[in-house]
Amino acid sequence: MPEPTASDYDLAVIGSGGGAFAAAIRATNLGKRVLMVERSTIGGTCVNTGCVPSKALLAAAQARHVALDSGRFPGISTAADPVDMRALIEGKRSLVEGLRADKYVDLIGEYGWDLRQGTAAFVGTAADPVLEISGQDASRSSVRAAHYLVATGSRPWAPPVEGLEAVDYLTSTTAMELDAVPESLIVFGGGYVALEQAQLFARLGSKVTLLVRSRLASHEEPEASRALSGVFADEGIRVVRRATVTSVRTEAQSGDVIATATVSGGNEEFRATKFLVATGRRPVTTGLNLEAVGVQVGDRGEVVVDNRLASSNPRIWAAGDVTGHPQFVYVAGAHGSIMVDNAFNDAGREVDYRHLPRVTFTSPAMAAVGMTDEEANAAGIRCVCRVLPLDYVPRALVNRDTRGFIKIVADATTGRIVGITAVAQEAGDLAAAGVYILEAHMTVDQVANMWCPYLTMAEGIKIAAQSFRTDVSKLSCCAT
Amino acid sequence: MPEPTASDYDLAVIGSGGGAFAAAIRATNLGKRVLMVERSTIGGTCVNTGCVPSKALLAAAQARHVALDSGRFPGISTAADPVDMRALIEGKRSLVEGLRADKYVDLIGEYGWDLRQGTAAFVGTAADPVLEISGQDASRSSVRAAHYLVATGSRPWAPPVEGLEAVDYLTSTTAMELDAVPESLIVFGGGYVALEQAQLFARLGSKVTLLVRSRLASHEEPEASRALSGVFADEGIRVVRRATVTSVRTEAQSGDVIATATVSGGNEEFRATKFLVATGRRPVTTGLNLEAVGVQVGDRGEVVVDNRLASSNPRIWAAGDVTGHPQFVYVAGAHGSIMVDNAFNDAGREVDYRHLPRVTFTSPAMAAVGMTDEEANAAGIRCVCRVLPLDYVPRALVNRDTRGFIKIVADATTGRIVGITAVAQEAGDLAAAGVYILEAHMTVDQVANMWCPYLTMAEGIKIAAQSFRTDVSKLSCCAT
Amino acid sequence: MNQKNTVARQLSASGLDQDASLWLPLLTLLAHGDPVDIPALAAATGRSVQEVRLALVAMPDIEYEDGRIVGWGLTLRPTAHRLEVHGEQLYTWCALDTLIFPTLLGTSARIESATPGTGVPVRVSVGPDGATAVSPATAVVSLVNPKDMTSVRSAFCNQVHYFDSPESAQPWLEAHPEGEVVPVADAYALGVGLAQTMLTAEATARAQPAVAPPQQAGCC
Amino acid sequence: MNQKNTVARQLSASGLDQDASLWLPLLTLLAHGDPVDIPALAAATGRSVQEVRLALVAMPDIEYEDGRIVGWGLTLRPTAHRLEVHGEQLYTWCALDTLIFPTLLGTSARIESATPGTGVPVRVSVGPDGATAVSPATAVVSLVNPKDMTSVRSAFCNQVHYFDSPESAQPWLEAHPEGEVVPVADAYALGVGLAQTMLTAEATARAQPAVAPPQQAGCC
């Protein structure tokens, strides 16, 4: 066992995603010596395989969809050619590379922290943790730091299903690297990755079947599931709910994947060219040897942290997906800076998820902030809700697409808004507005009476707020 | 002079637009007897010739534009046929009729107030005003009401230009009734109607020239003018600034309209198939005989009202465009209900325009709330601003359209945000969010540190707020 | 036509043997795509839980999962006959049901079934204006004359199929000399007629419409 | 080519006669599309208002409106030669200037000019990769050999035009035997060369680049 020595660094960060960068920037700005260790591509999930590439592809697919869907506007006639998947993927790759350079790689030099490419593992003891780094060139080095940050993220996770390992299945990462649009695709899962990938490939031209255990986006309002089911049906996506996939195999002759699922107690076989598993992501902690340094790990491999982001070893912290907390890059970013403030300034900052917005970038998008109806009830809030179908939102009418809704959950006693959910074009921007509403503790009456520009989607928030006191079917344009 | 008699109605409303309806609904809900007098189509400007038809056509033109512009997405190839203008206009007409029925005509019966079709004029005296109504069938009737509301709106206004009256020029109203897309079009004006119509017709296939006296949207931030000039240039719209149109004539041979303008002291001739005048709208008060009942009218024909919306005759009120106040239907709507509260409940409610959002529905849209930089300075606020180009907003990057910006004006002493302007897709929704920020008196630091969903356009507000303390070129994704 | 009319008449009569005042609300609830628990069904029908349980005993084919109903005619449990309504992927026991239920539910629907033997898919869209987009256009539906309706499913449904063409139905016709095949449009007209008979009878039996429109989810 | 080289050489020399340290910042300011007041020009050049006023006296062609500069080579006042930069509709005195200024301003541009006599438009797009999209492809630019450069505008610019084809330029060539016409691509190469000569000379004369990038508008 090595003698305790002076630290080589103030902070050693394992990983290079949003949480890692936020911490490294904050610590560097505080004048700390920072080391970052990355075993693979700089930038983590968001920029390389997550938010950025998926939203870039969805934006492209959306442009194509608009061209195929303009028939709802009389007098407008547009068309789309089949997708050139190689060009699309190449365009996505180059966008990702640009952002990776601008927002990650180049910043390391600008801020001036150290980067080592290699695999990190803890050695030493809980009292004296040391990081051992195995370089890609088989080199090895040991580093001591005053504080360590585990920001190793998450990876796609597949449940145990008979035959699955033998099937060459896709994940969202590999699906976004395909060089041809699959003729047909089964998407296994019902969370936001499954939803986005299903619509993406449907819009690129695949015949998509979605196998979902309970309902679409089961943590969100049930109205959201129903609205998205309707949209997906319109786009020719087959959504099979209450499906438990029991086995998967590749048919030798055709090369098709055949999935067998139990659906409401019956059995059905589903067949497609490709099979995409989008059943969630799990923290990446194997190989870190966390137990050796007294860091407790949970059932799903997550680093167990307190609300200040310290692990069970007070010098070892965690940020982002590896904590098992909500998997959003802006959560990881917040974690990174909070962790630094707590480690170096003893700030005692805590993460507050109450008004965390959640967006799924389908189109229409699904977004929410604050509590769902069910969550409010579970929290003991006596509440009252309204669901405003988009048929009442003039912007949706002039867009000739009224699929979706805006739901507001309010405290029945005070009228204070505690949750907003929307399925709408621009729902993400509505959720962003919702953060301000919730942070400012606004009531439905306040929101109902504030200015709001006519013919924006956000006007739906105001109309939904008005619906608490008024029959919206009897609202004239802009009458309050 | 007739003897004062008991009132036939509690409230007589002249006009049937957004302000008129808001007042009639509010008064009816208070149990008041309401008469509405309309000489033309029920519904006023917004639904018949203003917001609704223009935004419906812009939405259709936008779908076409997306199909013509998808080349920015590698791998996506789409195309558009020429516009079938008759079908487009017919589709717009039917949408307008539906909304007019749902949001206006049908409500009259549901609420149960009286409607008379006819032209209204005041007779009697200031102390005893009476409304005389001339029906379309040449019938005449007189009505006494406890209160009167002038909600007669505004109409397009053309400045005195040599030859203009002899030219068969278009206004936004008649342009949206054309049965063919003009080959070329001169749009005279630089306000929001001019901007929207110019882009609409350019996207429908016209070759458009915009003749502007100073700059585009001259009341908004200069950055907005510049950004929109760039967008218009990209779409082949020629924007000629500092142009004073001196004469207009129709060339007999070609039927073209030829406009001569002074441009920076030089002269230039402009030629197009059609000439659209969009130089503003003026209140409609002629024929109302307002002077007879002691109602003061301003230089532009507006009913002069105090902040409670009473005219110089305390029983005669005005609402909406006819007041000369900001020409937005949601202003008219607010006026209508405020006026009723003041007239019948002596509520003393005043109109507060400080956080009034303003949106121009080009694409990218231009939207603003609160003060511009210049207005803040004029108001004596020591302020500090940041202009965030959309190149720093990830949503714009994945959309592959980074034209535009988000500008925040803040009080330098307190950090409180006093104005937000954006040119961006979804700028209208950003302005709606901005209302909540301004109403809640949020500071740039607060907004910089609140949750905001990644890859929404609204995230630009947060990044712009961060830019007050941070060099955004050194921001990693989601690092704060 | 005679044969078909006979089938139709018998079906109508037998359909009403079932307790439509129970069955129609059940259908509506199942169409939401979630298993229906007995108290919910009781609430929807205005009966007591005990009454409902008793009535359900008379419906032997009903499908349960974990004590909740997942199918009766309309089912959440996969069959060869898919019926997509409001984005929900449902199934029916019977090919003909796919053409009856949209009218009962007052909605448009997309249908997909598989030709017995070959598996060739038949796709039908049903809207307010009838059966549109029958693909392939040659598709037919087989019908038999039910004899014993105590189990609708085994007596009748198991013999009603979609075939992609009359030729594909030939082997089935040979095996079922009492059966017939009719074009989809005719089968749809038959289905609509059956549905309307049921709705009328039910409306007469009750003062109010049996099939409530889908409700907005209860708030809080 | 000889003739052209001569023109080019003479132009380069004469261009530098003008006070480039004043003129290049003025060009940049004018490119924003608004009249330039003298204090703003003084600020941009780092000189006093008095110095700038003195220097402007030596530029006789300069265009003013209400005491502010609206044009010098690049102008806000309409001419036959339109130059669109960053969405701003500008003009130039000289056809050739449309091909010089984009390089001086470091930007792409769209050009539209009218063939003398017929008015047939010539359109050119200029980007980082040279002159693209010359329409019609046959378009040419006329050049003369300037003799007296005290007024660039009358001596030279007034004789430089775009023509939609060499044939259209024939009458002009006959009237100006000392002149020549060259394809747009050649004229652009000439323009770029001139611009680079000016920039290099200016950069040598000053320690720092003369042409600042467009600035973000001053805040508050």
Q: Once you have a ≥ b ≥ c as the square roots of the Cα gyration tensor eigenvalues for the range A:164-279, tell me rounded if a/c is under 1.5, and otherwise prolate or oblate according to whether a/b is larger than b/c.
A: oblate
Q) How high is the relative contact order of chain B, in percent, with contacts defined as C-alpha pairs under 8 Å that are six or more residues apart? A) 14
Q: Hand me the GluC sites (Glu not before Pro) from the range D:55-104 located in a DSSP loop with no more than 14 other Cβ atoms within 10 Å, in residue order please.
A: none
**Q.** Local electrostatic count, C:Ile69, Cβ distance below 13 Å [Lys/Arg +1, Asp/Glu -1]
**A.** -3
Q) Averaged across the residues of B:8-19, what count of C-beta atoms belonging to other chains lies within 10 Å of each residue's C-beta? A) 1
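For a quick check of your reading of the filter: which chymotrypsin sites (Phe, Trp or Tyr not before Pro) in the range A:299-395 sit in a DSSP loop and have no more than 15 other Cβ atoms within 10 Å? Spell out each step's value before the answer.
Values: sites: A:Trp317, A:Phe328, A:Tyr330, A:Phe344, A:Tyr353, A:Phe361, A:Tyr392; in loops: A:Phe328, A:Tyr353, A:Phe361.
Those that pass, being in a loop and sparsely packed, are A:Tyr353.
Just from its helices, what would the mean residue ellipticity at 222 nm be for the protein assembly as shown, if runs of 4 or more DSSP H residues each count -39500 (n - 2.57) and the sum is divided by every residue, rounded to the nearest 500 deg cm²/dmol?
Rounded to the nearest 500, the figure is -10000 deg cm²/dmol.
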Q: Please state the charge dipole magnitude for the range A:86-195, taken about the Cα centre, from unit charges on C-beta atoms (+1 on K and R, -1 on D and E), reported in debye and rounded to the nearest 20.
A: 260
Q. Counting only other chains, what is the mean number of Cβ atoms within 10 angstrom of the Cβ of each residue in peptide D:80-93?
A. 4
Q | Per the axis that maps chain D onto chain C, nearest residue of D (Cβ criterion) and its distance in Å | A | D:Gly87, 22
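Grab the alpha carbons of the range B:144-232, take their convex hull, and tell me the volume per residue in Å³.
On the way: hull volume 14.8 nm³, N = 89.
So the per-residue hull volume is 167 Å³.
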Q) What dipole magnitude, in Debye to the nearest 20, does the protein assembly as shown give about its Cα centre under +1 on Lys/Arg Cβ and -1 on Asp/Glu Cβ? A) 1060
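Need one value for D:54-63: mean number of C-beta atoms belonging to other chains within 10 Å of its residues' C-beta atoms.
Details: counts 0, 0, 0, 0, 0, 0, 0, 0, 0, 3.
Across the residues of D:54-63, the mean count of other-chain Cβ atoms within 10 Å is 0.
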**Q.** Radius of gyration and maximum dimension Dmax of the range A:357-472, Cα, Å
**A.** 12.9, 40
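Quick one: work out Rg over Rh on the C-alpha atoms of the range D:6-207, Rh as Kirkwood radius. Walk me through the numbers on the way to the answer.
Values: Rg = 16.4 Å, Rh = 17.1 Å.
Rounded to two decimals, Rg over Rh is 0.96.
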Q) Of all DSSP beta bridges located in the protein assembly as shown, what percent are antiparallel, nearest 5? A) 75
Q | At most 13 other Cβ within 10 Å, DSSP loop - trypsin sites (Lys or Arg not before Pro), the range A:300-408 | A | A:Arg300, A:Arg354, A:Arg382
Q.
Checking the a/c ratio against 1.5 first, then a/b against b/c, what shape does the Cα gyration tensor give for the range B:301-341?
A. oblate
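Of all the Cα-Cα pairs you can form in chain B, what percent are over 42 Å apart? Display every interim value, and only then the final one.
Working: 27172 of 114960 pairs.
Distances greater than 42 Å cover 24 percent of the Cα pairs.
For the pairs A:Lys103/A:Lys462; A:Lys92/A:Lys207; A:Lys32/B:Lys474, note any where the Cα-Cα span goes beyond 27 Å. Walk me through the intermediate numbers first.
On the way: A:Lys103/A:Lys462 36 Å; A:Lys92/A:Lys207 22 Å; A:Lys32/B:Lys474 17 Å.
Correct reply: A:Lys103/A:Lys462.
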Q. Cα centroids of the range A:232-272 and the range B:1-73: how far apart, whole angstrom?
A. 52
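What's the local net charge at B:Ser363, with K and R +1, D and E -1, over the other residues with C-beta under 12 Å away? Can you show the working numbers first?
Values: positive: B:Lys55, B:Arg64, B:Arg203, B:Arg403; negative: B:Asp69, B:Glu196, B:Asp234, B:Glu235, B:Asp401, B:Glu426.
Result for the local shell: -2.
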(Q) What does the net charge come to around A:Glu439 if you take all other residues with beta carbon closer than 14 Å to its beta carbon, with K and R at +1 and D and E at -1? (A) 0
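First check a/c for the range A:424-480, with a ≥ b ≥ c the square roots of the eigenvalues of its C-alpha gyration tensor; if it is under 1.5, answer rounded, and if not, answer prolate when a/b is larger than b/c or oblate otherwise.
Oblate shape, in that a/c is at least 1.5 and b/c is the bigger or equal ratio.
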(Q) Explain nothing, just the number: relative contact order of the range A:335-480, from Cα pairs under 8 Å at least 6 residues apart, as a whole percent. (A) 23
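Once the mean 1/r over all distinct Cα pairs of the protein assembly as shown is inverted, what Kirkwood radius in angstroms do you read off?
On the way: mean 1/r = 0.0279 Å⁻¹.
Every distinct Cα pair counted, the radius reaches 35.8 Å.
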Q. What list of ³J(HN,Hα) values in whole Hz, one per residue of the range A:198-204 in order, does the Karplus curve 6.51 cos²θ - 1.76 cosθ + 1.60 (θ = phi - 60°) give from phi, with Gly and Pro shown as x?
A. 4, 5, 4, 6, 4, 6, 7
(Q) How tilted is helix B:329-345 with respect to the longest principal axis of chain B? Cα atoms for both, answer in degrees (0 to 90, nearest 10). (A) 40
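Readers should treat all values here as calculations from the given coordinates under stated rules, not as data from a laboratory. All values reported here derive from a predicted model rather than from experimental measurement. As a convention, Cβ positions derive from the backbone with ideal geometry for all residues, glycine included, and neighbour counts pool all protein chains shown.
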